[in-house]
Every structure is written in structure tokens, then in C-alpha cells.
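Bear in mind that the values in this text are calculations on the coordinates, not laboratory data. Everything numeric in this text was worked out from a predicted model, so none of it was measured. Every residue, glycine among them, receives a Cβ derived from its backbone with ideal geometry; neighbour counts consider all protein chains shown.
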Amino acid sequence: MSFALQSGASGAFALLRASDESLTRYSNNAIENSTRSFEPSIYLRVTLGKRLASVSSGNLDDTAIKAQAGLAVDLARSSPEMKKVPMLAQRVTSYPQVNGYDPATAEMSATDRADLVRRAAARLQGSQDTRVYGNAVSGVDETAIANSNGAEAYFAGSAARFQVTSIARSRGAGIARHVGRSMADADPERLADVSIQKASRFSMFEDVPPGDYEVVLEPPAAGETLFHLGYLGFGGYGHIQGNSCFAGQIGQQVLSPRITLWDDPLHPATMCEPFDSEGTPRRALCLVEQGVVRGAVYDLETAEKAGVASTGHGLGPEGSWFNEGPFPRHLVLEPGTSSRDELISHIAHGLLITSFHYTRPLDPKRALITGMTRNGTFLIRNGKIAAMLPNLRFAVSAISLLANVKEIGSDAMLAGDYVCHLTPSIRTTGFSVTGKTEG
């Protein structure tokens, strides 16, 4: 950034990201390969009055950065004037303290990850009817920002993912995952047991007709529901434009009174981060309180348009999901007191769903989404898991699912991939099955 100011820029913003990730992949009960990747990137945006330009590079050498800064200034000089240039975060004296770095996870070796795989595969106990597949990922993600207002921040967070997918001879499937800042919290034996039990519990599939069902959504499926509700309902841009599914409903009872939902990037069980990609400090924000919609999330641009302060949801040059502006990335659904088995026991006829696959919005204004169930879908009959089902196609409103919640589990876990949310299982009604997948 200093290179750009020395070259004549009147304002500058620099964002550095670096991901150092190691992966061990396994299939058919055996390790296939281990790889390591280091992906750095630096983004620089400069202004000259009302002229703007930006450049990016994966070369962190001082000479290369200086050349990129000079290029950005030259591009800005030849750019047309804008009505308004992007805002910059103000300097703050301190950022929230989060414990997002685990040295053992950051420095985990291929041998360490292989031991996790060995422990998971050992749970098969010589069975020839089921195979396990998956991956173990460990590493460090670093972020640094600086701007000409004097804002400076740096954060390094470790990252851990361990997945066990089981496939049985019956074509039954199961999945269990650990996601977090520390691999110490992963339990390969427990994950393998959950995954294998789902895949091998039944030897044949039954079918269910299309229709509306009462369901238990386990954390991966519940988390996917929250993800879609997050970007369709709580983004500041959608509220400004009026196309959010919650537009005009702040302060109104929309969801079940059992639902209290926070976006909490400081929560130790989330992929916690102390600041956003613009350098604004993050904080916990209540979005739904006992079913009442309480607010939306904003970056610098949308906050200025709405006449409010940024909530620390700037996404930086990576942009937003579906280009809808800022959205919550650390949702936390307050848990209940029921176990998963207790949730199941309260359903006379319904479904147990582990996870969703290939979900997409059909009608954003109604938060209507479609997709398929995956890796463990079961029929519940008289409060018991009664049969294995094929993967089902569905079309349902995320709002309706959360408005119809009858009970919330105590089994909160971090679920997701690109965005991870902390959620327990939920029991709800009105899950619309439209068919089953073929093949």
C-alpha cells in the first residue's frame, strides 16, 4: 500500500490472503494420496481523486508488489471519474480477540492425517460389505489488511476438516464430518461409526410417494437450510432493494418462536474471525429472536446506503454468493434440549435426512429452494427409524421449514463447506418431496 501512496495515489487499500493447506485423500479403505498447496494473493485498490483502479497478484515479492502498485496508479490515471469511490474502514485501536489458531492443526503432518484415516477404517472390523472414503485437511489461512486511513489488521486461523463417507454393498450411504479450527476435536472412531451405521443399517431401499412430510434435519441439512436463508434473507443489499425474503419484516414474527439465530463470528465453535475483508471489526449480531426478525448485515457500501454502520460483513474482492452483497457467514442457531433420538421418537410418519446436495434457489423472494437428499435418508415410522430410502428430490421454502419448527436438538455442530454454520438438528413439518433420484 505504501508503494501506491508513494506513486501518487490519494487513497489505497490492500488485502492479502494466503492459504497453506495439506490434504490426505482416501478411498476404498486406503489412502490414495497426500498433497500440499500454498496459494497467496494480494489485492490492491487505489484512488486518485474520483478515479479508481485495482490489481491483484499471487507474487508476494517486494519488487513485484511495487510494480503492481505502480501499475494500479497508472491505470487509475487513465480511468474515467466515478460519482463516488468506495469507502475505507476507519482505523481502530484494537480488534476482538479470538482463539482461532491451533498450532498442532496448523503443523499437522501427512503421517498425522494418515493416522486419522487408519483409525476410521479400522472401525470396519474386516467387513467386506462396506467401504469408507473421504479426506483429512489441515492448514492455515492468513488475512492481512491495510488502508490509507491507517487501518491495519492481521489474523491467522488454523483449519481442520475430516470426512468419512461410507458406501455399503446395498448402495446405502452415510456421511459424518468434522469441521473447525482444531483437528483435536475430531473423533475418527465416532465419525466412522456414525457413517458406517447409516450406510449398512438396512439391506434394501423402500420408496415413499411425493408429498409433505414431517422431518428431522440433522445438522448438515439444517446448516444448508440456514445458508440459503442467510444470503436470501439477511443481506443488507436485499433489504435496500426490497428483494430480500425478509424485506419489510424486521420486527415481525416470521419464524417459529423456538428459533433464535445469531451471526457470531467470534463464537469459539465457529470458523471465528476478528475482522471482515474491509477491515471492519466483527461482532455478534442477533438476526432472529424467538422467531422475530431483528436485522440484516451490512458492509461499508450497503451500510452507507441504508444509513447505518457496517456490521463487519464486507466480502472484499471475492464478491458475494450470487452477487447479492454481504451475507452472514457464521450463523449460530441456539440449541434445544432434545437428543436426536428424542426428535425422531416424536414423529409417527416422516423422514430423517442427513444432508442435502446441489441445492439451488427457485424463488429467492420466498426463500424457495430445491435439491436432493444425500448420504443417509430414512423413513421414520412410529418414532423409530424403519427403512432406508433412496435420495429424494425436494422443493421447500427455508422460511416455512423454520416457521414450522416443533423441536430443536441439543446436538449442535459446525456444518458446511464454503460457509460453515453452527446448528443442531431440528424437527419440522411441511418438507415437500417431489420425487426420487434415479441411478
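Brief remarks on what is shown
- Total charge dipole magnitude, the chain, about the Cα centre, Cβ charges on Lys, Arg, Asp, Glu only, Debye to nearest 20: 740
- Look at the Cα gyration tensor of the chain: its axes a ≥ b ≥ c give a/c of at least 1.5 with a/b at or below b/c, and that counts as oblate.
- Computed over every Cα-Cα pair of the range 205-439 and binned at 5 Å starting from 0, the pair-distance distribution P(r) comes out as 1, 7, 15, 20, 19, 16, 10, 7, 4, 2, 0, 0 percent.
- Amide H partners (placed H, <5 Å) of I347, local residues excluded: G383
- Cα centroid of the range 189-207 to Cα centroid of the range 251-279, whole Å: 33
- Kirkwood radius for the range 340-421, taken over all pairs of different Cα atoms as the inverse mean of 1/r, rounds to 14.1 Å.
- Among the listed pairs K305/K365; K50/K83; K83/K365, a Cα-Cα separation exceeding 19 Å is found for K305/K365; K83/K365.
- Hits among lysines - C-alpha to C-alpha of K198 under 25 Å, sequence gap 8 or more where chains match: K384, K406, K436
- Taking the square roots of five times each eigenvalue of the Cα gyration tensor of the range 46-161, the equivalent ellipsoid has semi-axes of 46, 18, 14 Å, listed largest first.
- Segments 380-386, 410-416, 325-331, 100-106 sorted - mean Cβ within 10 Å per residue, highest first: 325-331, 410-416, 100-106, 380-386
- Under the Karplus curve 6.51 cos²θ - 1.76 cosθ + 1.60, θ = phi - 60°, whole-Hz ³J(HN,Hα) for the range 198-211, x wherever Gly or Pro sits: 4, 6, 10, 5, 10, 9, 9, 8, 10, 10, 10, x, x, x
- Globularity index of the range 176-251, i.e. its alpha-carbon radius of gyration over 2.2 N^0.38 Å: 1.66
- Database remark: amide H of S256 closer than 5 angstrom to the amide H of A403, N404, V405 (H placed geometrically; neighbours at sequence offset of 5 or more, or on other chains; Pro and chain starts carry no H).
- Three-way shape call for the range 297-376 based on the alpha-carbon gyration tensor, with the a/c threshold at 1.5: prolate
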